[in-house]
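In what follows, a single structure is set out as structure tokens and then discussed.
The values are calculated or read from the model by the stated rules, or taken from the named source; none is laboratory data. Just so it is clear, the model here is predicted, and its values are computed rather than measured. Backbone-built Cβ (ideal geometry, glycine too); neighbour counts: all protein chains shown.
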């Protein structure tokens, strides 16, 4: 198995296990983080999130589309960082186009059944994070990068 294939499997397994992650956007003055539900694409080249149009995170993404998104496997019962895995996705946020909206909404709802009311709100927008690279941290010392471009 190639190194990229092994890293791809790590990312895929973590994404399947975790429904939410931390989105980091940039305001004019400082970083801004939110917990958000996400849906990865089958090829892992993009991540889909939903947000109301009138939020700080959405305004930040419009003005500064470079974002980071982090998912990890830690738990309050096992805070040992030596065995943990964290994946940071570095990419660019783009608003889903109207012609793609219904298909993306359906995919996101299939993963997050509890978000129906949120996704049906008139001010809901879908944002696709186009992933440039994943930074995979295993434990505290093993850091690897998986390029998606």
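Brief remarks on what is shown
- Test set (1) on the phi > 0 side of the Ramachandran plot; (2) in contact with a strand residue (DSSP E or B) (Cβ under 7 Å, 6 or more places away or on another chain) - residue 139 fails condition number: (2)
- Residues in the range 1-17 that are within 21 Å of residue 104 (Cβ to Cβ) and crowded, with 16+ Cβ neighbours inside 10 Å were compared, and the one that is farthest from the chain's Cα centre (by Cα) is 11.
- Annotation note: of 94, 131, 87, the sole residue that is surrounded by fewer than 18 Cβ atoms within 10 Å (Cβ to Cβ), at pLDDT 95 or above, closer than 20 Å to residue 23 by Cβ and touching a strand residue (DSSP E or B) at 6+ places or on another chain (Cβ under 9 Å) is 94.
- Restricting 124, 68 to those that are closer than 23 Å to residue 8 by Cα and surrounded by 14 or more Cβ atoms within 10 Å (Cβ to Cβ) reduces the list to 68.
- The range 91-145, residues that are closer than 23 Å to residue 64 by Cα and in contact with a helix residue (DSSP H, G or I) (Cβ under 7 Å, 6 or more places away or on another chain): 93, 96, 124, 125, 126, 127, 134
- Per the conditions (1) touching a strand residue (DSSP E or B) at 6+ places or on another chain (Cβ under 7 Å); (2) modelled with pLDDT under 95, the sole criterion not satisfied by residue 61 is (2).
- Considered as a group, the residues in the range 13-31 that are in a helix (DSSP H, G or I) and touching a strand residue (DSSP E or B) at 6+ places or on another chain (Cβ under 8 Å) include one that is nearest to residue 47 (Cα to Cα), and that residue is 15.
- Counting only residues that are free of Cβ contacts under 8 Å to residues at least 40 places away in the same chain and closer than 29 Å to residue 103 by Cβ, the range 114-149 holds 7 of them.
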